[in-house]
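To keep things clear, I will list the structure first and then write my remarks on it.
The values are calculated or read from the model by the stated rules, or taken from the named source; none is laboratory data. Model, not experiment: these values are computed from the prediction. Neighbour counts are summed over all protein chains in view; Cβ atoms, including those assigned to glycine, are modelled from backbone coordinates with ideal geometry. These area figures cover heavy atoms from the full protein model, side chains too; ligands, DNA and RNA do not enter into them. Shrake-Rupley method; radii C 1.70, N 1.55, O 1.52, S 1.80 Å.
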Amino acid sequence: MKRFEPFARAKTMKPATQLKATEERLEEIRRSASDVAQRTAPLQPMGGPQNPKQESYYGLPALKAPVWTWEVPLYFFLGGIAGMSACTGFIAQLFHGGSALIRFCLWTGLVGAALCPLLLIADLGRPMRFLNMLRVFKLRSAMSMGAWILVAFSNCVLLAVVCFELQLRGFANPLLVGLLGLAEAAAAVTGLLLAGYTGVLIGATAVPVWSENRTLLPAHFLTSGFGGAAGILELAGFLIPATQILGFAASGIETLMEILLQVRRRPVDTPLHHGGSGRALLLAGLLEGPAALLLRAFLGSGSKGRCAAAGVFLIGSLLSRYAWIWAGRASARDPGAQLQKKA
């Protein structure tokens, strides 16, 4: 009878599906692993040189560097502008903004929604790989949710554009007006998720510099997307007080984030301050933050000054996406980055 005891114990065990991983529990596991790594002496190869600064076996990195191509940071940039443009159009609709402004916002969102899948497919190599991502729906997978968010946003903004164009051409009836309002609201919600999920996506990985900044990245991507959407509107000629306010707010928040990164110099943030990724991120932060803010403050009364501020912000926004990807690659290649304790 003893040989059946394991089966009896197995019946009393709690199913794995009932275990819920919370953010607090994950943070506790990270702290515990970091403490153990700090107390454990690093292994040294037999007969090899004894390097006291070596923090991994044979100096080899524990992670594989991200292999994303140039299309992915560009997708992050265009997706943020497209999503926040739809949000801006919805806000303009709520406050009875001009039809030309709302129309431009919706079309900007639609063009961005059309380009984003092409960039993802170019990175994946084959269209079927993108379609295969839609075969499953995982709430706990940022990549799975991102694919579905992009599809949902594309359909919602397309429906909003069609309804708005019909309304402009005189096909105004209660059903069309209600459908337009519903489509614009759905496009705004999914656009907000599209602009912010990319920061969640890279923050949920094991790359140290991304993981340790997982609360900063979504806020940065959202702010950068909002400022980029306002910049596109200004470059298109919508030099109204609303876009000026959005530009000031986005540049001000980006300035505060840049100050935070410069003050909080943790060991794990080394790629953010040194090397090519550090120089690119510093330049991007200066363009998005202080440079755009000063241009608006001193030259914002004229159209040239506002367009210059918008262009500077857009360049910094695009560069920041690439800089964060480069920083992730440098962090993954660092043998001791995984063992560095959080400051």
Worksheet entry | Average accessible area per residue (Å²) across region 249-343 - probe 1.4 Å, nucleic acids and ligands excluded | 44
Worksheet item: Out of region 116-200, which chymotrypsin sites (Phe, Trp or Tyr not before Pro) are coil in DSSP terms and have no more than 14 other C-beta atoms within 10 Å?
Response: PHE137, PHE171
Worksheet, complete the sentence: So for region 189-240, using the alpha carbon gyration tensor with a ≥ b ≥ c as root eigenvalues (a/c under 1.5 gives rounded; past that, a/b versus b/c decides prolate or oblate), I'd call it prolate
Worksheet item: With θ set to phi - 60° and the Karplus curve 6.51 cos²θ - 1.76 cosθ + 1.60, what are the ³J(HN,Hα) couplings of region 177-192 in order, to the nearest whole Hz, using x for Gly and Pro?
Response: 5, x, 5, 5, x, 5, 5, 5, 5, 5, 5, 5, 5, 5, x, 4
Fill in: Where the Cα pairs of region 164-214 fall when distances are cut into 10 Å bins, in %
23, 27, 19, 15, 13, 3
Worksheet item: Which listed residue (ALA332, PRO241, SER303) has the Cα farthest towards the positive end of the charge dipole for region 240-343, taking +1 on Lys and Arg C-beta and -1 on Asp and Glu C-beta about the Cα centre?
Response: ALA332
Worksheet item: Could you give me the ³J(HN,Hα) list for region 230-246, computed from phi with Karplus coefficients 6.51, -1.76, 1.60 and θ = phi - 60°, whole Hz, x at Gly and Pro?
Response: 5, x, 4, 5, 5, 5, 7, x, 8, 8, 10, x, 5, 5, 5, 5, 4
Item to complete: Express the relative contact order of region 238-343 as a whole percentage, based on alpha carbon pairs under 8 Å and six or more residues apart in sequence.
Response: 34
Worksheet item: Which whole-angstrom value gives the distance between the alpha carbon centres of region 84-103 and region 233-268?
Response: 21
Worksheet, complete the sentence: In order over region 93-106: 3J(HN,Hα) from phi, Karplus 6.51/-1.76/1.60, θ = phi - 60°, whole Hz, x for each Gly or Pro, gives 5, 5, 9, 6, x, x, 5, 5, 5, 5, 4, 5, 4, 5
Worksheet, complete the sentence: Restricting to Cα pairs under 8 Å and 6 or more apart, the percent relative contact order of region 96-180 works out to 29
Worksheet, complete the sentence: For the LYS64, THR22 Cβ pair and Förster radius 22 Å, calculated FRET efficiency rounded to 0.05 is 0.20
Worksheet item: Over the Cα atoms of region 156-306, what Rg and Dmax result, in angstrom?
Response: 19.2, 61
Discussion item. How much length would be gained if the chain were fully extended between ARG126 and ARG30, taking 0.36 nm per residue of separation minus their Cα-Cα distance, in nm to one decimal?
Written reply: 30.9 nm
Discussion item. Please list the three semi-axes, largest first and in whole Å, of the ellipsoid equivalent to region 60-116, using sqrt of 5 times the eigenvalues of its alpha carbon gyration tensor.
Written reply: 35, 11, 5
Discussion item. Run the simple label-point estimate for LYS138 and LEU168 please: 7 Å along Cα→C-beta, distance reported in nm.
Written reply: 4.2
